[in-house]
1. Looking at the chain, which longest stretch skips every one of the trypsin sites (Lys or Arg not before Pro) that is in a DSSP loop with at most 16 other Cβ atoms within 10 Å, leaving the sites themselves out?
2. Could I get the Rg over Rh figure for the stretch 151-228? Both from C-alpha atoms, Rh via Kirkwood, rounded to two places.
3. For the chain, which whole-number percentage of the solvent-accessible area (1.4 Å probe, protein heavy atoms only) is attributable to carbon and sulfur atoms?
4. Accessible area per residue for the chain in Å², computed with a 1.4 Å probe and the full protein assembly in place, what is it?
5. What list of ³J(HN,Hα) values in whole Hz, one per residue of the stretch 44-55 in order, does the Karplus curve 6.51 cos²θ - 1.76 cosθ + 1.60 (θ = phi - 60°) give from phi, with Gly and Pro shown as x?
6. Expressed in nm to one decimal, what extension gain is obtained for the pair S9 and K60 from 0.36 nm per residue of sequence separation less their Cα-Cα distance?
7. Can you give the calculated 222 nm mean residue ellipticity of the chain, where each DSSP H run of n ≥ 4 adds -39,500 (n - 2.57) and the sum is split over every residue, rounded to the nearest 500 deg cm²/dmol?
8. Just subtract the alpha-carbon distance of A119 and W72 from 0.36 nm times their residue separation and send over the number in nm, one decimal.
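The values are calculated or read from the model by the stated rules, or taken from the named source; none is laboratory data. What you are looking at is a predicted structure, and each value in this text was computed from that prediction instead of being measured. Quick reminder, even Gly has a Cβ in these numbers, built from the backbone with ideal geometry, and neighbours come from all protein chains shown. Heavy atoms of the whole protein, side chains included, go into the accessibility calculation; ligands, DNA and RNA do not. Shrake-Rupley method; radii C 1.70, N 1.55, O 1.52, S 1.80 Å.
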Amino acid sequence: MDVYEAVKSRRAVRAFTDRQVPREVLERVLSAAARSPSGSNLQPWHAYVLTGGPLAELKKRAGRRLAAGDPWDEREYEMYPPVLKSPYRERRFAFGEERYGELHISREDWEARQRAAAANWDCFGAPAALFCYIDRDLGLPQWADTGMYLQTVMLLLRAEGLHSCPQMAWSVYRKTVAEVLSPPDGLILFCGVSIGFEDATVGCARTGRAPLDETVTFVEAWPTGEGS
């Protein structure tokens, strides 16, 4: 698949079939993704891949916890600033309108929104999931490196005909994930990534993007009298 096509076709898919993802495909993707850039080649990501019984066990534990109404685990990082300023506030609002509008859920129907969000804990039906951790002693540049790694993984999955959905939502069920994975104490769960073949029978609208001139500034020439 052409790189541009992989970028354009990648999106957060929230409905997967139960068709299994071959292990050799996942190994090929993750071996190639190791070439992702990182400052001084620290490679700060720690990935765990779950399929089969272990993933089913995680889904069962998360579902049991959801049914019991257990409170979320305290996040180990701040997902959004307490006060989200413009234009980010408007973009987040627009996403919510698109996402729940697609599901025909009104802004006031909090219970329906919660039911929709609960699909996170089933990985939207995906047969494979990656959980990405980072060492808690590392800094913001290494978090950025980890994001580049995850983007590389998701683009390579598209090249294999697969889709994915990155889910920071798993950070509030981090203790349940840890029960299954037993990661070292020094790691923080950043996110999960559901992986599989898209269920094309379920609608999945693409969210919009800001126009180029809203996020990119081209500096093509020095102002008169400046530069050399």
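1. Values: sites that count: R10, R11, R19, R35, R75, K85, R107, R136, R206, R209.
It works out to 137-205.
2. Values: Rg = 20.8 Å, Rh = 17.2 Å.
That ratio is 1.21, to two decimals.
3. Numbers: 7460 of 13870 Å².
Accessible surface attributable to carbon and sulfur in the chain totals 54 percent.
4. On the way: 13870 Å² over 228 residues.
Normalised by residue count, the accessible surface of the chain is 61 Å².
5. Per-residue couplings from phi come out as x, 7, 10, 10, 10, 10, 10, 9, x, x, x, 5 Hz.
6. Numbers: separation 51, 0.36 × 51 = 18.36 nm, distance 3.10 nm.
Full extension from S9 to K60 adds 15.3 nm.
7. Numbers: 8 runs with 89 residues, N = 228.
Taken over the chain, the calculation gives -12000 deg cm²/dmol.
8. Details: separation 47, 0.36 × 47 = 16.92 nm, distance 1.53 nm.
Between A119 and W72, full extension yields an extra 15.4 nm.
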